[in-house]
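Structure first, then comments.
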Amino acid sequence: MQGCFRHIHLQQLFAVALIAAACCMTAPATLLAQAPKDSTIDKYGFKTLFKHQFDASQPYATQLNPRAISFVQEYIRKQGKELNRMKGWGKPYFDLFDQILSQYGIPREMKYLSVIESHLSSGLVSWAGAVGPWQIMPYEARRFGLTVNANRDERTDYHKSTQVAARLMKELYGEFNDWLLVVAAYNGGPGRVRQAMKKAKSRDFWDLQYFLPEETRNHVKKFIGTHYVMEGGGGWTTMTAAEVAQQKHNIPAMQNSLSAEEEAGTVVIEIGGRYNSIIVANGLVMHIAQFNKWNPGFDKQLAEGKKFKMRIPAEKSSLFEATKNQLLAVSVRALLEGTLPQN
């Protein structure tokens, strides 16, 4: 799992067209059997990404841990333009990763590990023998049920390799309980991280980093830099406890702002899956502003793999029940094709 950052390979252009089909493929039973029934992983495990004294009134992007700033600034100077271009051409990959990582309870931001591992290339082979978009070593691939032989290497399959990467990250997080240490262990191996923790007498990446190989500690900083560029506005995984509490407080407050008359004429239906708010509102012939008022956080919560209690007019409930599968299919197709309508 050696990191690298290369220009996009031509084969990636062809691979994009295959991703939508891969999403619909049935995964091997050996992989699906390991998928968790519940997402119990702490999604707020980026413990050392920020300054110790966090100002909730300021955006997270301005408050990186001071020990990360100089590296991140230099990384953005060198790679910022390419990363910003990747937001466009890499969207089909990121959408696939989002879907699979959320199924395993992994923060969606961990998809950026593939960026620094392979630049999203399925055909990349490292000097150590790691292959594919997640740079998986042969023994790890076989351990999680992938075929690796002279005729076939499933590490190059975006769908199957992402499932293996998710399971590996879940396993590492179970031991280290910190996503920055997961990135370090993914690159350098869990043994090196354990040794560094023992020598530093700390579980804080910034304390133990100099007991890690230079490549591994820089790998973590590249992840932070990529995360910074891609998620400058912050995400659930990078919010402080205060931000998370405030966000959770705001959503029910908005949902409870209905008048008694409005509430009496509505129904609440629990849904799951990658529905899109605009596609659903259009399908139900609802104005999007009204739909958003009643359903704040709709797209975000469903994108995280969670259920959502959707409120719609009572007279629209039968229409939704009759068309819900079609609305979901249209939403997923737009997601995979990168044509989702924007609110």
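The values are calculated or read from the model by the stated rules, or taken from the named source; none is laboratory data. This one's a predicted model, so the numbers in the text were calculated from it and none came from an experiment. Here the Cβ is made from the backbone with ideal geometry for all residues, glycine too, and neighbour counts use every protein chain on show.
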Practice problem: Identify, by number, the condition in (1) without any contact (Cβ under 8 Å) to a residue 60 or more places away in the chain; (2) surrounded by 20 or more Cβ atoms within 10 Å (Cβ to Cβ); (3) part of a loop (DSSP other than H, G, I, E, B) that residue 121 doesn't meet. | Solution: (1)
Self-check item: the stretch 107-165, subset among the aromatic types (Phe, Trp, Tyr) and over 16 Å from the mean Cα position of the chain (by Cα), residue nearest to residue 220 (Cα to Cα)
Solution: 127
Self-check item: Members of the stretch 284-316 found to be surrounded by fewer than 16 Cβ atoms within 10 Å (Cβ to Cβ) and either in contact with a strand residue (DSSP E or B) (Cβ under 7 Å, 6 or more places away or on another chain) or aliphatic (A, V, I, L, M) (or both), listed by number
Solution: 285, 288, 289, 307, 309, 314
Exercise. Kindly provide the set of residues from the stretch 282-301 that are out of contact with any Ser or Thr (no Cβ under 9 Å at 6 or more places or on another chain) and under 26 Å from residue 100 (Cα atoms), ordered by number.
Key: 296, 297, 300, 301
Quiz item: Is it the case that some residue within the stretch 159-172 is more than 20 Å from residue 130 (Cα to Cα), crowded, with 24+ Cβ neighbours inside 10 Å and assigned by TED's automatic domain parsing to the domain that holds residue 133?
Solution: no
Practice problem: Out of 199, 221, report the one residue that is within 30 Å of residue 78 (Cβ to Cβ) and in contact with a helix residue (DSSP H, G or I) (Cβ under 7 Å, 6 or more places away or on another chain). | Solution: 221
Quiz item: Among the residues of the stretch 165-178, is any touching a helix residue (DSSP H, G or I) at 6+ places or on another chain (Cβ under 8 Å) and modelled with pLDDT under 90?
Solution: yes
Quiz prompt | Checking residue 147 against (1) more than 19 Å from residue 97 (Cα to Cα); (2) surrounded by 15 or more Cβ atoms within 10 Å (Cβ to Cβ), the condition it does not meet | solution = (2)
Self-check item: Selection within the stretch 157-188 - out of contact with any Gly (no Cβ under 8 Å at 6 or more places or on another chain) and of a type in the set (Lys, Arg)
Solution: 160, 167
Quiz prompt | Matching residues, the stretch 66-100, being under 18 Å from residue 110 (Cα atoms), of a type in the set (Val, Ile, Thr) and free of Cβ contacts under 8 Å to residues at least 24 places away in the same chain | solution = none
Quiz item: Are any residues in the stretch 244-261 in contact with a strand residue (DSSP E or B) (Cβ under 9 Å, 6 or more places away or on another chain) and at pLDDT 50 or above, and if so, which ones?
Solution: 258
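Wholly within the stretch 129-224, which helices (runs of 4 or more DSSP H) include no fewer than the required count, namely at least 2 residues that are of a type in the set (Gly, Ala, Ser)?
Once the helices (runs of 4 or more DSSP H) in the stretch 129-224 are filtered for at least 2 residues that are of a type in the set (Gly, Ala, Ser), what remains is 158-176, 179-188, 190-200.
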Self-check item: Residue under evaluation residue 206, criteria (1) without any contact (Cβ under 8 Å) to a residue 40 or more places away in the chain; (2) more than 19 Å from residue 134 (Cβ to Cβ); (3) not small (Gly, Ala, Ser), criterion not met
Solution: (1)
Quiz item: Is at least one residue of the stretch 79-86 modelled with pLDDT under 90, closer than 22 Å to residue 332 by Cβ and not in a loop (DSSP other than H, G, I, E, B)?
Solution: no
Practice problem: Using the structure shown, decide if residue 131 is closer than 26 Å to residue 72 by Cβ, buried (at least 22 other Cβ atoms within 10 Å of the Cβ) and in the same structural domain as residue 228 (by TED's automatic domain parsing). | Solution: no
